[in-house]
Amino acid sequence: MHTRVRWRIVAAVLLIVLGAITYSIAAPHLQVAHYRHADPVADALQAAHRGDFRLIGIAGRGILVPGADSVLGADAANMCAVRVVPGTGDVITSALTRQLNAVATAYARAYNRTLLAHAPGHRCAPRSAA
């Protein structure tokens, strides 16, 4: 009986892992479409209305926070709570990952500028709030 239970647990874990791998392979395509068609200004205004002043970051050799450096300086990623776009990074494995980095960066720049313009005192949520 215990052996059956263990094998069912192993099978369930394998299905979850395989599903996550499959999603991570398909995710850049879905993310490119999402960020290409999303409205960063409207999204930032909705976030500000909810009181969510976390910025959007892009993974690279560190976390880049496009659009925030002109307001907060180069240390924005260390000062602010940042939601990093999954799948971005400095390792470009395909044209799709290059596209994701480009569209996510453009989206984050517009989103962050809009959010900071509407944040109290033009400040982001502190990093400890993440």
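Since every read-out is calculated from the coordinates, none of them should be taken as a lab result. In this text the structure is predicted, and so the values were computed from the model without any measurement. Please note: Cβ atoms are built from the backbone with ideal geometry, for glycine as well, and neighbour counts cover all protein chains shown.
Around the amide H of Arg83, modelled in the peptide plane, lie the amide H atoms of Leu55, Ile56, Gly57, all under 5 Å away and 5 or more residues distant in sequence or on another chain.
Here Leu100, Leu116 are placed in order of increasing Cβ neighbour count within 10 Å, fewest first, which gives Leu116, Leu100.
Here the Karplus curve 6.51 cos²θ - 1.76 cosθ + 1.60, taken at θ = phi - 60°, turns the phi angles of the range 61-68 into couplings of 5, x, 9, 9, 10, x, x, 8 Hz, with x standing for Gly and Pro. Each residue of the range 96-104 was assigned a 3J(HN,Hα) from its phi angle through the Karplus curve 6.51 cos²θ - 1.76 cosθ + 1.60 (θ = phi - 60°); the sequence is 5, 5, 5, 5, 4, 4, 5, 6, 5 Hz, with glycine and proline shown as x. As a proxy for reagent exposure, Ser94, Ser128 were ordered by neighbouring Cβ count within 10 angstrom, fewest first; the result is Ser128, Ser94. Straightening the chain between Asp39 and Asp75 buys 10.4 nm, computed as 0.36 nm per residue apart minus the Cα-Cα spacing.
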